[in-house]
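Asks: Please find one structure pasted underneath; my questions will follow.
The values are calculated or read from the model by the stated rules, or taken from the named source; none is laboratory data. All figures in this text were calculated on a predicted structure; none of them were measured in a lab. Here the Cβ positions follow ideal geometry from the backbone for every residue, glycine too, while neighbour counts run over all protein chains shown.
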């Protein structure tokens, strides 16, 4: 099917996939991180699908419009996750830490450098536009008066590794002589974390590889990077930091045991505390947000705030994942402003996906 051609099929028939060979060099370049002559020479079209196609392009999901938010590329079932370049653009503004960690940190975490492997086809100008350039106008409108901004944003430096060792699995590597000259993608993924316990895992379909069918719905099948495991690790770290602050300390004592996911997180939190030498912000707003979610009275909320100035751990542990994220009011407000100003088509996942608690149960209605 040619680009822009009408969708001619009988009612009830599935949509016809457009041939990858129909794109010519005169058409718009591929995806959201392209724009250089090098990439324009590519004959295949591998960009992700548009989230909101318009009638102007014939409702074509694969029109390569620069700057539009896209889902991950692929030929399978359409995903709710946006493309890598869109995620990196979000991180460049609000940080990579997310809402939960902002309850522990003094400032957001930005990537300093984006390193590309040797011999990787790329265009620095297109990468910078995709990660930062397309958002500059929106960022200017969101700056706080007086030059003070909790989320200043940062465009990472883009460099190419010059160690003489090309990445073994780069896209433009030589084709194999067997298997019809094509590489077959693996159904598995490798998860690596710089922690002492279970530093790497193999995942398949969102679960740990090798788990028996009988245990697929048990905690044994969970990956360390699953939302529920990260949430549990966050709560353990939050509890230790709260105890340390109540005791007048700035960090967890070295002899106290930590789980693998919390050891580096505690070091990061402690480092930011020592740099700024002040208590965590957002505590009183966190109390207010928790009271709204849990339906507590204003009197109880005020009493809790006066007692310790921080949301009690027992209260946060009772909240579901989405309610705990709602405590990070500054982060949520900035992300909402950025999304409305620059990412109008960002995906909205069902709220039920985040209605879980650390024991794996759903919250009471």
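Asks: Do we find that residue 94 is touching a strand residue (DSSP E or B) at 6+ places or on another chain (Cβ under 7 Å) and either farther than 28 Å from residue 229 by Cα or in the same structural domain as residue 339 (by the TED database) (or both) in this structure?
Replies: When the stated conditions are applied, residue 94 does not pass them.
Asks: Output the number of residues of segment 196-238 satisfying the condition of being surrounded by 12 or more Cβ atoms within 10 Å (Cβ to Cβ), in a loop (DSSP other than H, G, I, E, B) and touching a helix residue (DSSP H, G or I) at 6+ places or on another chain (Cβ under 8 Å).
Replies: 7
Asks: Go through segment 175-195 and count every residue that is under 21 Å from residue 209 (Cβ atoms) and in a loop (DSSP other than H, G, I, E, B).
Replies: Adding up the residues that qualify gives 9.
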